[in-house]
Amino acid sequence: MPGGGMQYASRRTDGLAIASLITGILSIVCCVLGVVLGPAAAVMGFIARGRITASNGTIGGGGLAIGGLVLGVIGFIAAVGWILVFAFSGNASSTT
């Protein structure tokens, strides 16, 4: 065999899955921005997971997509929780 044996094509990782994971991490780190970044990460992760499944194994990154989706949901819930805490604590202190 010329070239010295079998060569395996490397499976590329879906860029949307990577973007979903990064956005999901940012949604947790930047608490207030989680209201926007969380849903964006979840939607990107959902779309990336569908694209990866439809590719029949030619595109990788399923774990990244799921991680981004989960982190996006957690980031959104945390951001809403922080906003509610600040809203109610500010409201309670201004009425006394």
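Couple of notes before you dig in:
- Shape parameters for segment 12-96, alpha-carbon atoms, Rg then Dmax in Å: 16.1, 62
- Scattering curve values for segment 8-56, log₁₀ I(q)/I(0), Debye with Cα scatterers, q = 0.17, 0.26, 0.28, 0.29 Å⁻¹: -0.51, -0.86, -0.94, -0.97
- Remark: spin-label model distance Val43-Ile77 equals 2.1 nm, labels positioned 7 Å along the Cα→Cβ axis.
FYI, it's all coordinate maths here, none of it is from the lab. A quick note: this is a predicted structure, and the numbers were derived from the prediction, not measured. Backbone-built Cβ (ideal geometry, glycine too); neighbour counts: all protein chains shown.
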